[in-house]
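The values are calculated or read from the model by the stated rules, or taken from the named source; none is laboratory data. Keep in mind that what you see is a predicted model, and the values were worked out from it rather than measured. Heads up, the Cβs are rebuilt from the backbone with ideal geometry, glycines too, and the neighbour counts pull from every protein chain shown. Note: accessible area is taken over every heavy atom of the protein model, side chains too, but ligands, DNA and RNA are not part of it. Shrake-Rupley method; radii C 1.70, N 1.55, O 1.52, S 1.80 Å.
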Amino acid sequence: MKDFLKNLGIEAINSGGSTGENWFGNAGNGVIDVFSPVDGKLIAKVNKVSTEDYHKIVDTCNKAFKEWRKVPAPKRGEIVRQIGDKLRVYKQDLGMLVSYEMGKSLQEGLGEVQEMIDICDFAVGLSRQLYGLTMHSERPNHRMYEQYHPLGIIGVISAFNFPVAVWAWNSMLAVACGDSTLWKPSSKVPLCGVAVQKIINQVSKENNLPEGLFSLLIGNGKDVGEELLHDKRIPLVSATGSTRVGCRVAEVVGKRFGRSLLELGGNNAIIISQDANIKTAVMASVFGAVGTAGQRCTSTRRLIIHESVYEKVKDALLTAYKGLKIGNPLDQNNHVGPLIDVDAVKTMQNAIVELKKEGGKVLFGGEVLSGEGYESGCYVVPCIAEAENHFKIVQEETFAPILYLMKYGTVEEAIDLQNGVPQGLSSAIFTNNFIEAEKFLSCEGSDCGIANVNIGTSGAEIGGAFGGEKETGGGRESGSDSWKIYMRRQTNTMNFGSSLPLAQGIKFDL
């Protein structure tokens, strides 16, 4: 059981900051005791970094950027390729750590590491495709074009639910683009950050990379976190987390005219049409709602079901939920692992109380499990409830496995319900009706950054830009052309003639 910790270099006491060769942090700055939600046992300790450590780390990051930006992009891609290969070596061990420290199933933990590998492959190809544009000038003997240059230090703030993949989404693209990276992982899963840093350090040492190209920062949010947000040396802060956190990031970074890449909460719905394949719709709904114990930003939180198939879908869901196996996520016979901590359990219980106050009805689940195998106090029975879209608790994102059911009559009504929440991340419709599907994907349809037909809300591929609208923050990570935010754009005009014609026909003679 503990072999994977040893293989990853996790010790009883770990330093929380690194620039590669050097590590920072001591007990005087505070200590994080890392307990597993799987069994409630202490895994290890992490010593936090101080504000003084922070500035040393950022200074080193800045020096690394100034060296790294001069390296040709395809050669930067070669380093990313080696990182992908190194992650392949450690996939099993890192996947187990993700599962044990965070609580998601081992299959999901391994899948998350595979996402890291996949984005490395994507970024390797990207390193030869950082394209600009050429355009015709209105002036004779002139050429115009656009190009992209490296931006600087990229600050990455990641959440507990994807403790390694989100870092890779940002960092692999950023490094291919010529930037250095500074990672502040969630204090709920710091060991994943330490483990990844140690893996990356191997590649850095093997290639004599600039110290600080990949850096780690684990410390108090009110101290080093605020320093990061206010630091003008960091032109882009990519933050994944709650809407509350995103508001703070946007406010502070915006005041100093920095960039924010925000990937925040979701309140995702699946519309199940009368023309849907009910079997696949139910399967997608169950995985979307209970996968990662409902702690994905793309988790399915609302089911909008056509009134003619409502009872059929409800009965199928109840049957499926009654068959769920809840327990240790490292046991691949189990479907659902624990919530991240007891505070998350309390939040879920409070949400159920509020639901009932507003007139909702719990159809199944919601209980906290205890006894053998559930000693951590973090295991719950996934909940199905009937609710109205306008309920205050339904309008909020509860990061737990609560699935709200509601009826609709027309597809227009269903789309209005789907869009009728503050968040706008992921959405889906299950239908074999071509007109309904196209309407859902049209400008009159889903207002989310992700809109799917006949697949669920959860489980995005790395090739498409990931993110959402409204209170989800508007940022895009991972694939497509999301690389552009990690670079600065420049328009260039070259005059290869002997005169100086001006744009818009302006005359200026001396």
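Quick notes on this one:
- Taken over the chain, the ratio of Cα radius of gyration to 2.2 N^0.38 Å equals 1.04.
- Solvent-accessible area per residue, Å², over segment 333-488 with all protein chains present [probe radius 1.4 Å]: 42 Å²
- Here the dipole of the chain is about 1280 debye; that uses its Cα centre as origin and unit charges on the Cβ of Lys and Arg (positive) and Asp and Glu (negative).
- Lys/Arg +1, Asp/Glu -1 at C-beta; the chain dipole; positive extreme among Asn62, Val362, Ile429: Asn62
- The loop-placed chymotrypsin sites (Phe, Trp or Tyr not before Pro) in segment 385-418, going by DSSP, include none that has at most 10 neighbouring Cβ atoms within 10 Å of its Cβ.
- In plain terms, the bigger the Kirkwood radius, the slower the diffusion; for segment 256-307, with that radius from Cα pairs, at 20 °C and 1.002 mPa s, Stokes-Einstein puts D at 169 µm²/s.
- Carbon + sulfur, % of accessible area of the chain - ligands and nucleic acids excluded, 1.4 Å: 51 percent
- Tail beyond 15 Å, pair distance distribution of segment 109-185 (Cα, percent): 64 percent
- Projecting the Cα positions of Gly95, Leu130, Ile153 onto the charge dipole of segment 74-160 (unit charges on Cβ atoms of Lys, Arg, Asp and Glu, taken about the Cα centre) puts Leu130 furthest along the positive direction.
- Anchor Lys357: lysines whose Cα lies under 25 Å away (excluding residues fewer than 8 positions away in-chain): Lys314, Lys346, Lys392, Lys407
- At an R0 of 56 angstrom, the distance between the Cβ atoms of Phe434 and Phe508 translates into a FRET efficiency of 0.40.
- Two-site FRET efficiency, His390 against Asn26, from Cβ-Cβ distance with R₀ of 56 Å, rounded to 0.05: 0.65
- Dipole magnitude (debye, nearest 20) for segment 251-390, charges at Cβ of Lys, Arg, Asp, Glu: 360 debye
- Pairs over the 31 Å Cα-Cα cut-off, from the set Lys63/Lys484; Lys75/Lys198; Lys279/Lys361; Lys6/Lys205; Lys48/Lys356; Lys198/Lys325: Lys48/Lys356; Lys198/Lys325.
- Whole-number accessible area per residue in Å² for segment 95-221, which is evaluated in the context of all protein chains at 1.4 Å: 29 Å²
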